[in-house]
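All remarks here apply to the structure that follows.
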Amino acid sequence: MELKYQISEEFAERARKVEVILMDCDGVLTAGEIVYDSHGVEIKHFNAHDGLGIKMARLAGLKTGIISMRDSGTIRTRAQELGYDFLYLGRMDKCTAFADLSKKLNLEPEKFCFVGDDLPDVPVMQLVGLPVAVQNAVDIVKQQAFYVTQKKGGEGAIREVVELILYARGSLEESIEKIWQVNQ
């Protein structure tokens, strides 16, 4: 199997340095809608393609994490299910969370990718080596991004980012093989 993606050499250079993929949740892992049932329980719709993308990233040795302003049991459940490495919820100042993680891991900002969709994501996007906006992001966020996904948040955008990073690193096909082995 030979997979072909159209990426620039600069994207490839940045992607090869990435060791941690961070992301917002609402609007990135979901379509951005916040739904409550009649008992006030929050409901979120996550995309299975993104979930498999997170598993592919982790099988390839990448760390993953969420930095979100919202603290939600729904996010915690999904993060635990997929095995995210880092979870920063209820963080109004996402830069502080990023700085804490960068220091904890002793990694330079260029080793991080951050995927966002709205204004609170911009300060972190300005720090990382590979800032990405989802297709449905607000214009200001798209202007700060090095790459804008073809997929919308909640519709496979994270999977797209993971595949492109793995492709740039030359490990996409190996990651797919590992997924097939795990699911046999």
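The values are calculated or read from the model by the stated rules, or taken from the named source; none is laboratory data. Small disclaimer: the values here were computed from a predicted structure and weren't measured. As a convention, Cβ positions derive from the backbone with ideal geometry for all residues, glycine included, and neighbour counts pool all protein chains shown.
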**Prompt:** Consider residue 73 against the criteria (1) surrounded by 16 or more Cβ atoms within 10 Å (Cβ to Cβ); (2) in contact with an Asp or Glu (Cβ under 8 Å, 6 or more places away or on another chain); (3) of a type outside the set (S, T, N, Q); (4) modelled with pLDDT under 95: it satisfies all of them except one. Which criterion is unmet?
**Reply:** (1)
**Message:** So residue 137 passes all but one of these: (1) of a type in the set (Gly, Ala, Ser); (2) in a helix (DSSP H, G or I); (3) crowded, with 21+ Cβ neighbours inside 10 Å. Which condition number does it fail?
**Reply:** (2)
**Request:** Starting from the range 58-77, keep only residues that are at negative phi and without any contact (Cβ under 8 Å) to a residue 24 or more places away in the chain, then list their pairs with residues that are aromatic (Phe, Trp, Tyr) and buried (at least 18 other Cβ atoms within 10 Å of the Cβ) whose Cβ atoms are within a distance under 9 Å, requiring at least 6 positions of separation or different chains.
**Result:** none
**Request:** Starting from residues that are among the acidic types (Asp, Glu) and at pLDDT below 95, keep the ones in the range 10-46 and report whichever is surrounded by the most Cβ atoms within 10 Å (Cβ to Cβ).
**Result:** 42
**Item:** Filter result (in a helix (DSSP H, G or I) and touching a residue at least 60 places away in the same chain (Cβ under 8 Å)) within the range 107-126
**Value:** 110, 111, 120, 121, 124
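Okay, residues lined up against (1) in contact with a helix residue (DSSP H, G or I) (Cβ under 7 Å, 6 or more places away or on another chain); (2) under 26 Å from residue 12 (Cβ atoms); (3) not acidic (Asp, Glu):
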position: 47; (1), (2), (3): no, yes, yes
position: 73; (1), (2), (3): no, no, yes
position: 108; (1), (2), (3): no, yes, no
position: 120; (1), (2), (3): yes, no, yes
**Where residue 181 falls short, out of the listed (1) farther than 23 Å from residue 45 by Cβ; (2) in a loop (DSSP other than H, G, I, E, B)** = (2)
**Asked** Do you know which of the residues in the range 142-184 that are more than 19 Å from residue 15 (Cβ to Cβ) and at pLDDT 95 or above is surrounded by the most Cβ atoms within 10 Å (Cβ to Cβ)?
**Response** 153
